[in-house]
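All remarks here apply to the structure that follows.
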Amino acid sequence: PVFTEVDAVQRALLFAKETGCKLHLVHISTSEAIQAILKAREEGVDVTVESCPHYFAFTAEQVDEIGPRAKCQPPIRKAEDQAKLWDELLNGNIDWLTSDHSPCTEDLKQGNLWEAWGGISGAQNNVDLMFDLAVKQRGLAVNKFVDLIATHPAERFNLPHKGEIAVSKDADIILVDPNQSYTVKREDLYYKNKHSAYEGRKIDCRVTKTIVRGNVVFDLEKGIVG
Ligand SMILES: [Zn+2]
């Protein structure tokens, strides 16, 4: 339940406050936890917060249908909780988004929801998925989206060559075509273990090129290259 996440977050915030230690909280899935973090920040705690695409893409009401592929920790939240998390993201209260990609062999995702491996495979589709949901469908500014996936993490972890397109930075660039659509299919996954909670999902936007330190590593026509 939501309160167990808030409890864990509040304990970590208390320790950070008492020790003066910097704190970065990952996989936050509830508005209640975000509010606790904002309050601690106002009180002087040096804290940042990350969330993951699956908390914005799925609701608990859909998990029965998707099955164990949608099991993760914290769990996927109810629609009403997700709506509040969206408000936090759009209001700038979440510092960044990461995939929390959790690969496992397919047999570990079998069985019931209690036995199955907890973790979602999503890295391949997370950027275009969130661009679709946040920028196209909800009007988040593109530069705010860039902050969420690149600039803020680079700043927080002191990665001086990452996080923006500028002279002296690594040329890490993603090209996104907002006018393309595709459906996530198992046979198109590049993972070693080809399963994903997003199989069958239509995404109205598409990454067409990925450049790492100036080298093209993915091209929509050619697949993984270089
Ligand atoms: Zn994780």
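The values are calculated or read from the model by the stated rules, or taken from the named source; none is laboratory data. Keep in mind it's a predicted model, so treat the numbers as computed, not measured. Virtual Cβ from ideal backbone geometry, glycine too; neighbours counted across all protein chains shown.
Numbers for the structure displayed
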| quantity | calculated |
| --- | --- |
| Residue tally, condition more than 13 Å from Ser196 (Cα to Cα) and among the hydroxyl-bearing types (Ser, Thr, Tyr), over segment 89-105 | 1 |
| Asn112 more than 16 Å from the ligand (Cβ to nearest atom), in contact with an Asp or Glu (Cβ under 9 Å, 6 or more places away or on another chain) and more than 21 Å from Asp95 (Cβ to Cβ) | no |
| Residue, farthest from Ser31 (Cα to Cα), within segment 86-105, restricted to residues that are in a loop (DSSP other than H, G, I, E, B) and in contact with a helix residue (DSSP H, G or I) (Cβ under 9 Å, 6 or more places away or on another chain) | Pro103 |
| Which listed residue, of Leu25, Leu13, Leu38, is more than 25 Å from Val127 (Cβ to Cβ), aliphatic (A, V, I, L, M) and crowded, with 21+ Cβ neighbours inside 10 Å | Leu13 |
| Looking only at segment 54-85, and only at residues there that are in a helix (DSSP H, G or I) and polar (S, T, N, Q), the one that is surrounded by the most Cβ atoms within 10 Å (Cβ to Cβ) | Gln82 |
| Pair list, Cβ < 7 Å and 6+ apart or interchain, from segment 24-35 residues that are within 17 Å of Gly119 (Cα to Cα) and acidic (Asp, Glu) to residues that are within 12 Å of the ligand (Cβ to nearest atom) and at pLDDT 95 or above | none |
| Residue tally, condition crowded, with 16+ Cβ neighbours inside 10 Å, aliphatic (A, V, I, L, M) and in a loop (DSSP other than H, G, I, E, B), over segment 186-222 | 2 |
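Let's see how each residue does on (1) within 16 Å of the ligand (Cβ to nearest atom); (2) under 17 Å from Ser99 (Cβ atoms); (3) more than 15 Å from the chain's Cα centre (by Cα):
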residue	(1), (2), (3)
Gln10	no, no, yes
Ala16	no, no, yes
Gly20	no, no, yes
Leu25	yes, yes, no
Ser29	yes, yes, no
Ala33	yes, no, yes
Lys39	no, no, yes
Gly44	no, no, yes
His54	yes, yes, no
